[in-house]
Amino acid sequence: MAIVNGKECYFSNYVIFEKVCNNVYVLIHSYLNNIDIVNEDVAKSLTKIKAGNNVDKLDEETFNQLLQKGYLVDDIDKDRERFFKIADKLAQMKNKASSFIFIPSYDCNFSCPYCFEQELTRNKDNKPMSKETVYAIFKVIKKEKADGQYISLSMFGGEPLLKENITINEYIFNNAKKAKLKLDVITNGNDLEHYFKYIKDGVFSQFQITLDGGKEYHNKMKFTKDNKNTFDKILDNIASALSIPGKFSIAIRINTNKDNIDSLLTLKEAFETHGFLKDKRFYFYTKNVDECKCRKSKELSDVDIVHKIRFFDDNMKNMKTNSQFSHIISEFEEIFDTKKKIGRYKVKYCGANRNNQLIDPIGDVYSCLEEVGKKDRRVGFLDMQSSKIVDTPLRKEWRNRLVQNMKECSDCEYALMCGGGCGIAALKYRGSLNKSYCAEMKEIAKEAVYEIVKGLAV
Ligand code: SF4
Ligand code: SF4
């Protein structure tokens, strides 16, 4: 608490307060959606108040405005209550979407040394999903759709688009078509040529394909089980897919670390040579892979990635080539969009604690990609008799992972943009699903705010 002009007040926990440049400071109220620029003098007073120090002479009109806009509050408990009320409302609102993710098989044609699913993909007893299981899943989908849920469909594996699994996949595609739904696929792209027919048929909305850097590095990291290089084949498949007209996109995820960062410009050149960058359906992004921490010495943070690699001269454009930055920038852009009364706020970090239903070949249901195949971590299972998904108690734990339920997040100015961080990382490194996992959220948000406001202020 601080005494300002003789009155008790507090700096709200939910205000982002950053220096942009000389004499320009930004204040963003993260739940009231207020944004203001203040000068150095006001910023000095605010810094004192934030630290709990008294301020004698703050211009009365400015003081009143700071109070009115919620940057300063006279009752810190009421401020928290207001935050909780909004967060609870958001938790109720966002439950209208269900994401069904088919795992048609745990098999994979690649042998990537860092894969977190190695045990599953190398299991000789793997069997693809049966038609009966697909049929039962679509019965669940039909029911949820009729109940007004917004349904999205995806595929994950192992490798979901194996040529060997075309029969079961075709059955999934036909059912999706009947339900008027398209599919997003996370694929390695190696067998994509066997699926061009379905691209032409308009079965897919997006492909996410991972490349591990320039040709040489990629081939060292992503090779087939019989030791063949994959870079040229994947790029040829992408080129052929993009030659097919239609409304779908291809997103390239580049797992980035110290070893491949220097090869990324070569990779961009390869995209240019193939003409990919001229196609609006194509885009690429970098991502550090800190969730697995399996290559710790090689790890580069997302902040370092953005600082070290310049795909584009424009700072903002460059930042948007990193998935974490681009995600946070788009959250801020919504807040800064004056036409919108409320930004795209959220109280949950990712699909894992929303309504992800990753259904594996035997009908076990998981909510996070990193947990598939770990039976004790399933959040449900498909009951074939009733064609219903029966939840395990773990489902509730995931669903309750809300910013308002985690102490650090419920006092954090970034809470409604961040959503509490990755649950799996929290479980692995902080021992509980119900702990926050900030990673670099705050640093990234600071840089994003700086870049956006600099553009507006200069
Ligand atoms: S919990 Fe973490 S690893 Fe799992 S889907 Fe969410 S962000 Fe990804
Ligand atoms: S995870 Fe960290 S940055 Fe995100 S809301 Fe929680 S405390 Fe804030």
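Would the stretch 383-398 turn up any residue that is more than 25 Å from Leu300 (Cα to Cα), within 14 Å of ligand 1 (Cβ to nearest atom) and in contact (Cβ under 8 Å) with a residue 40 or more places away in the chain? There is at least one residue in the stretch 383-398 that is more than 25 Å from Leu300 (Cα to Cα), within 14 Å of ligand 1 (Cβ to nearest atom) and in contact (Cβ under 8 Å) with a residue 40 or more places away in the chain. Identify all residues within the stretch 7-58 that are among the small types (Gly, Ala, Ser) and open to solvent by less than 40 Å² (accessible area, probe 1.4 Å); write none if there are none. Scanning the stretch 7-58 gives Ser12, Ser30, Ala43, Ser45, Gly52.
Taking the stretch 71-188 and the helices (runs of 4 or more DSSP H) fully enclosed by it, the elements with 3 or more residues that are more than 30 Å from Ile37 (Cα to Cα) and open to solvent by less than 20 Å² (accessible area, probe 1.4 Å) are at 131-146, 166-178. The set of residues from the stretch 435-458 being among the acidic types (Asp, Glu) and not in a loop (DSSP other than H, G, I, E, B) comprises Glu443, Glu447, Glu451. With the requirement that a residue be part of a loop (DSSP other than H, G, I, E, B), within 17 Å of Ala87 (Cβ to Cβ) and within 11 Å of ligand 2 (Cβ to nearest atom), what does the stretch 402-434 give you? Answer for the stretch 402-434, where residues must be part of a loop (DSSP other than H, G, I, E, B), within 17 Å of Ala87 (Cβ to Cβ) and within 11 Å of ligand 2 (Cβ to nearest atom): Leu402, Met406, Asp411, Cys412, Glu413, Tyr414, Gly419, Gly420, Gly421.
Of the strands (runs of 3 or more DSSP E) lying entirely inside the stretch 7-63, those carrying at least 1 residues that are touching an Asp or Glu at 6+ places or on another chain (Cβ under 9 Å) and hydrophobic (A, V, I, L, M, F, W, C) are 7-11, 15-21, 24-29.
The criterion of at least 2 residues that are surrounded by 19 or more Cβ atoms within 10 Å (Cβ to Cβ) is met by the following helices (runs of 4 or more DSSP H) wholly inside the stretch 210-327: 215-221, 231-242, 264-273, 302-308. Which of the residues that make up the stretch 216-260 are farther than 27 Å from Asp304 by Cβ and small (Gly, Ala, Ser)? Residues satisfying the conditions are Ala239, Ser240, Ala241, Ser243, Gly246, Ser249. Among the criteria (1) touching a residue at least 40 places away in the same chain (Cβ under 8 Å); (2) under 19 Å from Ser99 (Cβ atoms); (3) away from ligand 1 (no atom under 13 Å from the Cβ); (4) part of a helix (DSSP H, G or I), the one Glu370 does not fulfil is (3). Within the stretch 399-413, the set of residues being within 16 Å of ligand 1 (Cβ to nearest atom) and in contact with a helix residue (DSSP H, G or I) (Cβ under 7 Å, 6 or more places away or on another chain) comprises Arg399, Arg401, Leu402, Val403, Cys409.
Limited to the stretch 415-453, what total is found for residues that are buried (at least 22 other Cβ atoms within 10 Å of the Cβ), aromatic (Phe, Trp, Tyr) and either at positive phi or away from ligand 1 (no atom under 13 Å from the Cβ) (or both)? Qualifying residue count, the stretch 415-453: 0.
The values are calculated or read from the model by the stated rules, or taken from the named source; none is laboratory data. Note that the structure is a prediction, hence the values are computed from the model and not measured. Using ideal geometry, Cβ is built from the backbone for each residue, glycine included, and neighbour counts are taken over all protein chains shown. Surface areas here come from the heavy atoms of the whole protein model, side chains and all, with no ligands, DNA or RNA. Shrake-Rupley method; radii C 1.70, N 1.55, O 1.52, S 1.80 Å.
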